[in-house]
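Worksheet for the structure shown next.
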Amino acid sequence: MSDECWAKIQSVQVDPHVPTKELDTLKWLQGDSGEAMAAFTFGPFYRLRRSKLRDLLSQDVDIQYNKRLVDIIYSEDGKDVTAHFADGTTASGSLLVGADGARSSTRQLLLGAELGAIDRLPYAATFVQRKFTKEQALYLRSFHPLFLASAHPRNNFAFFGMQDATLADDPSSWTFFFYISWHSSLQEQEETKNWTDSQRLAQQKELAKSFCDPWKSAYEWTPDDAPVWYMGLTAWDPGHDGHRWNNQDGRITLVGDGCHPMTYQRGQGLNHSVTDAGQLRDALVKISQGANQKEFITAFEDEMIWRGGTEVRDGVANTTLLHDFEKVKQSPLFTKGMKKTET
């Protein structure tokens, strides 16, 4: 990001009116009683609106939407790579970077549909984004201005946070974001794959009945026909045997969720994606100055796979332990907090 762009980072916070603290505290409540279980201090912590961040980063960038990658062709001279898209168009260059998300088409083309496929985990969550009345919003936000976590003795995990508080003086305009996650076998996920939003929300409301506030009240105040977003949790470990791809002499690589999609309860996915971008940028500068492309892209991948793979494994362990109340304090979120993986 340019200095000019970075100077606007406060404007893309979920609450642009609250300056980012050098240190902040994530409170952790026991889900049934509301008693404090722990508090993690870390910082600076930027809680950003994804849509606003995307708009900020996309300024002066040529983005072409609705492109679906279907094939990758490498030139015989070892210098170029060409991406072929479903609409019949192509794009060629000296490096193709697959930053195409957790179900990356690039990864599946590199490794095959089976090895490149996302791994499904036996946990699920249903997300709600909701506005409330002024009085309700002020009450819900009184627990913490930005974020709050909870573990329940019934082996559920929950999160509550601010999604958008652009209008500081109008609490009824604020959007909150909350969910309860639970152990959900792959069989259960398959059997409920056609559930409606109202069924998903009814399931969440039933779980919330045994929770403390803010979850209990937030779900009670959410209309039964409100839209929700359900997902079974997934991950993909780039350090797993057979997952190392051939970078074709440094002409193709993966970054972000394309390389290391992870569960989200420790909040590290974006952090690692940003780190990937910075590390790749440094490698490209060296390559532009005459360094060997295969050597530097491979070195970039070695570090990324080690770092990202470690976080993927920590994330899966974290998710497993967060849904086992007797072991929850052994989870990386408790033992490491929100601190970055040391390199």
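The values are calculated or read from the model by the stated rules, or taken from the named source; none is laboratory data. Everything quoted here is computed from the prediction, not taken from an experiment. Quick reminder, even Gly has a Cβ in these numbers, built from the backbone with ideal geometry, and neighbours come from all protein chains shown.
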Of residues in the stretch 270-295 being assigned to a helix (DSSP H, G or I) and of a type in the set (A, V, I, L, M), the one farthest from the chain's Cα centre (by Cα): 287
Residues located in the stretch 315-325, provided they are in a helix (DSSP H, G or I), farther than 14 Å from residue 240 by Cβ and of a type outside the set (Gly, Ala, Ser): 318, 319, 320, 321, 322
Residue satisfying all of: in the stretch 53-108; surrounded by 13 or more Cβ atoms within 10 Å (Cβ to Cβ) and of a type in the set (Phe, Trp, Tyr); nearest to residue 2 (Cα to Cα) among these: 85
Options 151, 165; residue that is crowded, with 22+ Cβ neighbours inside 10 Å, touching a helix residue (DSSP H, G or I) at 6+ places or on another chain (Cβ under 6 Å) and of a type outside the set (Phe, Trp, Tyr): 151
Residue match in the stretch 115-136 (condition: assigned to a helix (DSSP H, G or I), in the same structural domain as residue 225 (by TED's automatic domain parsing) and either at pLDDT below 95 or surrounded by fewer than 16 Cβ atoms within 10 Å (Cβ to Cβ) (or both)): yes
Out of 109, 53, sole residue that is under 25 Å from residue 248 (Cα atoms) and part of a helix (DSSP H, G or I): 109
Only one of 102, 83 that is of a type in the set (A, V, I, L, M), in the same structural domain as residue 330 (by TED's automatic domain parsing), in a loop (DSSP other than H, G, I, E, B) and closer than 30 Å to residue 244 by Cα: 102
Checklist (1) within 21 Å of the chain's Cα centre (by Cα); (2) closer than 17 Å to residue 160 by Cβ applied to residue 56, failing item: (2)
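Taking only the stretch 209-226 into account, find how many residues are surrounded by fewer than 19 Cβ atoms within 10 Å (Cβ to Cβ) and in contact (Cβ under 8 Å) with a residue 60 or more places away in the chain.
Adding up the residues that qualify gives 5.
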Total residues in the stretch 1-50, condition among the β-branched types (Val, Ile, Thr) and in a loop (DSSP other than H, G, I, E, B): 3
The stretch 258-290, residues that are under 16 Å from residue 45 (Cβ atoms) and among the basic types (Lys, Arg): 266
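I'd like to verify a number: residues in the stretch 247-290 that are closer than 16 Å to residue 105 by Cα and buried (at least 21 other Cβ atoms within 10 Å of the Cβ), how many?
10
Conditions tested, residue by residue: (1) at pLDDT below 95; (2) within 16 Å of residue 243 (Cβ to Cβ); (3) out of contact with any Gly (no Cβ under 8 Å at 6 or more places or on another chain); (4) of a type in the set (Lys, Arg).
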position	(1), (2), (3), (4)
275	no, no, yes, no
283	no, no, yes, no
289	no, no, yes, no
293	no, no, no, no
299	no, no, yes, no
305	no, yes, no, no
310	no, yes, no, no
